[in-house]
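To keep things clear, I will list the structure first and then write my remarks on it.
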Amino acid sequence: MSHTTSERRCALVTGATQGIGLAIAERLAAAGHDLVLHGIEPDEAGATIAARVAAAAGVRAAYVRADLADAEAAAGLVTRASAALRSPDVLVNNAGIQHTSPIESFPIDRWHAIVAINLSAAFFTMRAAVPAMRSRGFGRIVNIASVHGLVASVNKAAYLAAKHGVVGLSKGVALETAAQGITVNCICPGWTDTPIIAPQIEARAAQFGGDRAAGIRELLREKQPNLTLLPPARIGDVAVFLASDAAAGITGIALPVDGGWTAQ
Ligand SMILES: NC(=O)c1ccc[n+]([C@@H]2O[C@H](COP(=O)([O-])OP(=O)(O)OC[C@H]3O[C@@H](n4cnc5c(N)ncnc54)[C@H](O)[C@@H]3O)[C@@H](O)[C@H]2O)c1
């Protein structure tokens, strides 16, 4: 698809230098969006990734570094992204971390970090992005929740609280903005092939003498009926759809992309 600079929509994607966020950025770029990639890498490394994404799709891209565990940094991200390129028409809250532990030994600092990065950062960025979206009469917000925003698993107290929180937060903002051409939706991925699940794969592999493939098979057998780790690009494709004009009538949903996990 070829667009002139003035026609292109601008998308801000958090956590966009690897994993699902990078795949979303690449897919949005391929669909003709200019991009602000957010990450925690040093400026030079981030700018290199942004330049690669831009060159592959023939769009413009910028990089903004911010630690979203820091409320002030999260609150300032949209303003900095707007200065780096322009005000985002599309906002994708993707950055997230995980920690697994039984509740009684769950580290308190992990609770605070997970809630800050996975939940509060989405509140801050939406709070900052919505006014300009309202005045343009167009906005697309896609929040990457999880199957764990819909159902539970053991040893994920903070992640469950944050992801269920993102789903509720998104529904509320969807209602507040529905009459102004803005949609707010969640994607709820199942097991997806990215670094965030590496510790869980290693823990399972250890039960099979370190056999990684056996560990993955066991994780999938337990929860994900398609028995396949999702490629990050499959989440990217769904984000592009939700950001498109075709999805104008869809707001306030939490869409599982989970190989059947939540059908059970
Ligand atoms: N991979 C899966 O199976 C899966 C399943 C469901 C949901 N998700 C969600 O998808 C999203 C992306 O995760 P992923 O699977 O690509 O994992 P990932 O670890 O590859 O990506 C996480 C991203 O978050 C960013 N991040 C981490 N700490 C940060 C901080 N302090 N400040 C700002 N950014 C920070 C990282 O830079 C990275 O880009 C997360 O919200 C995750 O919870 C992943």
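The values are calculated or read from the model by the stated rules, or taken from the named source; none is laboratory data. Nothing here was measured: the structure is a model prediction, and the numbers come from that model. Positions of Cβ are backbone-derived with ideal geometry, glycine not excepted, and every protein chain shown enters the neighbour counts. Just the protein is used for accessible areas: all its heavy atoms, side chains included, with ligands, DNA and RNA removed. Shrake-Rupley method; radii C 1.70, N 1.55, O 1.52, S 1.80 Å.
Among the residues of this structure, Asp237 counts as one that is more than 13 Å from the ligand (Cβ to nearest atom) and within 19 Å of Val147 (Cα to Cα). Of the residues making up the stretch 74-85, those that are under 22 Å from Gly236 (Cβ atoms) and open to solvent by less than 40 Å² (accessible area, probe 1.4 Å) are Leu77, Val78, Ala81, Leu85.
So that you can scan it fast, the table gives a plain yes or no per residue for (1) assigned to a loop (DSSP other than H, G, I, E, B); (2) buried (at least 23 other Cβ atoms within 10 Å of the Cβ):
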residue: Arg8; (1), (2): yes, no
residue: Gly32; (1), (2): yes, no
residue: Val36; (1), (2): no, yes
residue: Ala69; (1), (2): yes, no
residue: Glu72; (1), (2): no, no
residue: Ser87; (1), (2): yes, no
residue: Gly96; (1), (2): yes, yes
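Checked against the criterion of being of a type outside the set (Val, Ile, Thr), over 16 Å from the mean Cα position of the chain (by Cα) and within 11 Å of the ligand (Cβ to nearest atom), the candidates Gln200, Gln180 yield just one match: Gln200.
Checked against (1) in a loop (DSSP other than H, G, I, E, B); (2) over 16 Å from the mean Cα position of the chain (by Cα), Arg80 meets all criteria but (1).
Kindly indicate whether any position in the stretch 144-155 is more than 19 Å from Arg110 (Cβ to Cβ), more than 14 Å from the ligand (Cβ to nearest atom) and part of a helix (DSSP H, G or I). No; the residues of the stretch 144-155 include none that is more than 19 Å from Arg110 (Cβ to Cβ), more than 14 Å from the ligand (Cβ to nearest atom) and part of a helix (DSSP H, G or I).
Taken together, the criteria exclude Ile103 from residues that are modelled with pLDDT of 95 or more and buried (at least 24 other Cβ atoms within 10 Å of the Cβ).
Examine the stretch 39-47 for a residue that is more than 16 Å from the ligand (Cβ to nearest atom), open to solvent by 50 Å² or more (accessible area, probe 1.4 Å) and of a type in the set (Asp, Glu), and state whether such a residue exists. No: zero hits. Scanning the stretch 106-117 for residues that are open to solvent by less than 30 Å² (accessible area, probe 1.4 Å) and closer than 18 Å to Val154 by Cβ returns Phe106, Ile114. Would you confirm whether or not the stretch 202-212 contains a residue that is in a loop (DSSP other than H, G, I, E, B), in contact with a helix residue (DSSP H, G or I) (Cβ under 9 Å, 6 or more places away or on another chain) and among the acidic types (Asp, Glu)? Checking the stretch 202-212: at least one residue is in a loop (DSSP other than H, G, I, E, B), in contact with a helix residue (DSSP H, G or I) (Cβ under 9 Å, 6 or more places away or on another chain) and among the acidic types (Asp, Glu). Among the candidates Val36, Val59, Val90, the residue that is within 16 Å of the ligand (Cβ to nearest atom) and among the β-branched types (Val, Ile, Thr) is uniquely Val36. Out of Arg140, Arg127, Arg134, one residue alone is surrounded by fewer than 24 Cβ atoms within 10 Å (Cβ to Cβ), away from the ligand (no atom under 16 Å from the Cβ) and under 19 Å from the mean Cα position of the chain (by Cα). It is Arg127. Is it true that Thr17 is modelled with pLDDT under 95, under 21 Å from Thr79 (Cα atoms) and open to solvent by 10 Å² or more (accessible area, probe 1.4 Å)? Answer is no for this residue.
Among the residues making up the stretch 178-191, a single one is open to solvent by less than 10 Å² (accessible area, probe 1.4 Å) and out of contact with any helix residue (DSSP H, G or I) (no Cβ under 6 Å at 6 or more places or on another chain): Thr183.
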